[in-house]
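The values are calculated or read from the model by the stated rules, or taken from the named source; none is laboratory data. The shown structure was predicted, so the numbers you read here are calculated from the model rather than taken from an experiment. Quick reminder, even Gly has a Cβ in these numbers, built from the backbone with ideal geometry, and neighbours come from all protein chains shown.
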Amino acid sequence: MHDPGTYALIQLMPTALRPACWALWASASVLDDLADQRDVAPADRAARVEAWTQALQHDLAIGTSTDPVRHALVDTALRWRLDLSSLQGAMTTTRDDVGSRHFADWTQWRAWCNEEIVPWVDQVWHLFEQAGAPMTLRLDRRKDYEQFVDGTQLTDILTDLSEDLAQEDLLLPQEALDAFPGAEEDLRRGRWSPATAALIAELTALARQWMTRPAMTKGMHPGAANVLDTAACLLRAQLDAVDAAGPTLLKRTPRLSVVSRTRIFAPARLRAAMAWSLTPLTVPGSRRPAAAAHIPRPSTDNAALRPPPPHSEGARPPQIPADQMPAHVAVIMDGNGRWAQQRGLPRPEGHHAGTAAVHEIVCGALEIGLRHLTVYAFSTENWKRDTDEITTILEAIRRDLDEGPLRDLDVRQRWLGHPDKLPQELVQALQRAERRTRNRTGLTLTMCINYGGRDEITRTAAALAQAARAGEIDPRLIGEEDFARHLPHPDMPDVDLLWRTGKEQRTSNFLPWHATYAELHFTPGYWPDVDRRDLWQAITEYSRRQRRHGAAPLTTNRSTVQASR
């Protein structure tokens, strides 16, 4: 509420969305202020953040609040149908940030950034979607989006460096500090040394590079693109102010002049007025009942989620030793159409039955303790099928995302694939599911939709080439880890077990990078006929296999055994 730049950015949004954006911004600011009250003991600050979050939970339940900021957030959530449960992680991170924070490397730093910022930004994303002007983010531009977020946070840290140092807080990763010997000690002592100057120059250049992502807004609504492009211009100007500050950076916060802000926002306001005047927006009428609201929980528990329903015949999963359990099972769900034809039904009916089989397998995965399950729902080659069948498949997926029983299970849902040619409603439903379930810790379910393995490798190679061209990586030193980092989901583990139903025995362009060392399991039955016992059987068979990854098999030397007796 004390940042004129953020206020001006919100002014670039449609008038109907501004109150909701102000409510979100004010709520995030209040929580940050509660966590940053340095004249208050850390335990008391954490308690205040927890109390505010608990009060929000209560206020959402009754539909109003005596606190003006919470009242605005409650009204926004109920009016715009926002699912605030995705803010759970951000609120928990804010509560835990009352102590000193330390990041060993950029990976830890980025994880903190994503937990701290992204859930709030996602709410704004959802507002635009609800209003009918979605800030559609192409999946092949996700890396740009992530780096833009990193650049935003790094710019903010550099800007507030003097305030943080006064509170003995240094929010830079140790990896960055160690690259400039002596810089950390100089910063903590408030000394502007050659090492400090070199570190700041390096970080401002890095933040500017992360911030310059023009392709991120490609294909986006011009009004939404204007907001992001203007934010990038504002942040780059702030980095110029950081560069120009020199030694004074350690004594006071550099601020943009009124002239600089005017030069950025004057043309942006004209572009915003033109873009939004041509866009009919959907503005909600009456508020949703409070009882229907999704309430954020202040801790990381999943008390609101229900356990998977038991098997219809009471079957229980086998006991598999932890060291023999696969971490990641991938499934090619083959045979839906043939299952329907075998019963004299239209092929699309098989896909409806196949959806129920997915629910059953997910329940079995939760019961046996599987951590990662990836399913091949729609391949890039499936566009060759009949139009009615394609429509049925994609609409069944969309409906299941928004209304299916997996919503209430401890399942984190992710999408792997490409948005081109997919219906916009399905892309938005997939993104909603990812936002809604991002903090769940049970099973990670990745749905491959409009996915092709060669396409994934080609796009990853292109991303590597772009990184090399930008000087982020030395092309002569590229290794497997570098390639893996540029995959759409870098944290996806290798596939341990790849299972295909429907009699066929091929992998069909499915996860070629991740499944290089996968054990293969083929079963003759069609997908709609499987239940969780089939998954358990596949895992049981996997547990009996000896996996060597190229090493020689273990052998027992009989004479050695006899000699040891």
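Remarks
- Filtered residue count, segment 199-254, keeping only those that are surrounded by fewer than 14 Cβ atoms within 10 Å (Cβ to Cβ) and closer than 23 Å to LEU165 by Cα: 8
- Close pairs (9 angstrom Cβ cut-off, 6 or more residues apart or separate chains): more than 26 Å from ALA275 (Cα to Cα) in segment 202-230, outside any helix (DSSP H, G or I) anywhere: GLU202/ALA179; GLU202/PHE180; LEU203/LEU172; GLN209/ALA470; GLN209/GLY471; GLN209/GLU472
- Test for SER29: is it of a type in the set (S, T, N, Q), in contact with a helix residue (DSSP H, G or I) (Cβ under 9 Å, 6 or more places away or on another chain) and either outside the structural domain of THR6 (by TED's automatic domain parsing) or assigned to a loop (DSSP other than H, G, I, E, B) (or both): no
- Lone qualifier among LEU206, LEU228 - being of a type in the set (A, V, I, L, M, F, W, C) and either modelled with pLDDT of 95 or more or within 30 Å of VAL74 (Cα to Cα) (or both): LEU228
- Residues that are buried (at least 17 other Cβ atoms within 10 Å of the Cβ) and assigned to a helix (DSSP H, G or I) within segment 255-272 comprise ILE264, PHE265, ALA268, ARG271, ALA272, listed in sequence order.
- Of the helices (runs of 4 or more DSSP H) lying entirely inside segment 380-496, the ones with 2 or more residues being under 19 Å from HIS351 (Cα atoms) and touching a helix residue (DSSP H, G or I) at 6+ places or on another chain (Cβ under 6 Å) are found at 387-403, 424-437.
- Search result, residues across segment 341-359 that are among the β-branched types (Val, Ile, Thr) and either assigned to a loop (DSSP other than H, G, I, E, B) or at pLDDT 95 or above (or both): VAL358
- Some residue of segment 424-435 being crowded, with 20+ Cβ neighbours inside 10 Å, in contact (Cβ under 8 Å) with a residue 40 or more places away in the chain, touching a strand residue (DSSP E or B) at 6+ places or on another chain (Cβ under 7 Å) and not charged (D, E, K, R): no
- Test result for ASP83, more than 21 Å from the chain's Cα centre (by Cα) and of a type in the set (D, E, K, R): no
- Check on VAL69, within 30 Å of GLU168 (Cα to Cα), outside the structural domain of ARG432 (by TED's automatic domain parsing), touching a helix residue (DSSP H, G or I) at 6+ places or on another chain (Cβ under 9 Å) and outside any helix (DSSP H, G or I): no
- Boolean, ALA111 is in a helix (DSSP H, G or I), surrounded by fewer than 20 Cβ atoms within 10 Å (Cβ to Cβ), outside the structural domain of LEU203 (by TED's automatic domain parsing) and more than 23 Å from the chain's Cα centre (by Cα): no
- Residues that are within 29 Å of LEU87 (Cα to Cα) and surrounded by fewer than 19 Cβ atoms within 10 Å (Cβ to Cβ) do occur in segment 379-395, at least one of them.
- Just one of the listed residues (LEU60, LEU87, LEU82) is within 17 Å of LEU17 (Cα to Cα) and either buried (at least 18 other Cβ atoms within 10 Å of the Cβ) or modelled with pLDDT under 90 (or both), namely LEU82.
- Restricting segment 513-539 to residues that are β-branched (Val, Ile, Thr) and either surrounded by fewer than 16 Cβ atoms within 10 Å (Cβ to Cβ) or part of a helix (DSSP H, G or I) (or both), the residue that is modelled with the lowest pLDDT: THR516
- Qualifying residue in segment 374-392 (condition: touching a His at 6+ places or on another chain (Cβ under 8 Å), under 19 Å from MET333 (Cα atoms) and aliphatic (A, V, I, L, M)): no
- Residue in segment 457-479 that is touching a Ser or Thr at 6+ places or on another chain (Cβ under 7 Å) and not assigned by TED's automatic domain parsing to the domain that holds ILE361 present: no
- Pairs where the first residue, in segment 47-65, is within 15 Å of GLN88 (Cβ to Cβ) and acidic (Asp, Glu) and the second is modelled with pLDDT under 90 and not in a helix (DSSP H, G or I), C-beta under 7 Å, 6+ apart: GLU50/PRO298
- The lone exception for ASP169 - which of (1) over 30 Å from PRO14 (Cβ atoms); (2) among the charged types (D, E, K, R); (3) assigned to a helix (DSSP H, G or I) it fails: (3)
Let's see how each residue does on (1) of a type in the set (S, T, N, Q); (2) within 33 Å of the chain's Cα centre (by Cα); (3) more than 18 Å from ILE157 (Cα to Cα):
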| site | (1), (2), (3) |
| --- | --- |
| ASP186 | no, no, no |
| SER193 | yes, no, yes |
| LYS218 | no, yes, yes |
| ALA225 | no, yes, yes |
| LEU228 | no, yes, yes |
| LEU235 | no, yes, no |
| GLY246 | no, no, no |
| SER257 | yes, no, yes |
| MET274 | no, yes, yes |
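- LYS421, sole failed condition from (1) touching a residue at least 24 places away in the same chain (Cβ under 8 Å); (2) more than 19 Å from the chain's Cα centre (by Cα); (3) within 23 Å of PRO308 (Cβ to Cβ): (3)
- Filtering segment 315-332 to residues that are hydrophobic (A, V, I, L, M, F, W, C), more than 14 Å from THR444 (Cα to Cα) and not in a loop (DSSP other than H, G, I, E, B) leaves ALA322, ILE332.
- Residues in segment 131-143 that are crowded, with 18+ Cβ neighbours inside 10 Å and either of a type in the set (Lys, Arg) or modelled with pLDDT of 80 or more (or both): 4 in all.
- Considering segment 360-379, and only residues there that are aliphatic (A, V, I, L, M) and in a strand (DSSP E or B), the residue that is modelled with the lowest pLDDT turns out to be ALA377.
- If the condition is being buried (at least 18 other Cβ atoms within 10 Å of the Cβ) and of a type in the set (A, V, I, L, M), then segment 166-195 contributes LEU170, LEU171, LEU172, ALA176, LEU177, ALA183, LEU187, ALA195.
For (1) polar (S, T, N, Q); (2) under 22 Å from GLN413 (Cα atoms), each residue gets a yes or a no:
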{"site": "ILE473", "(1), (2)": "no, no"}
{"site": "GLU480", "(1), (2)": "no, no"}
{"site": "PHE483", "(1), (2)": "no, no"}
{"site": "HIS486", "(1), (2)": "no, yes"}
{"site": "THR516", "(1), (2)": "yes, no"}
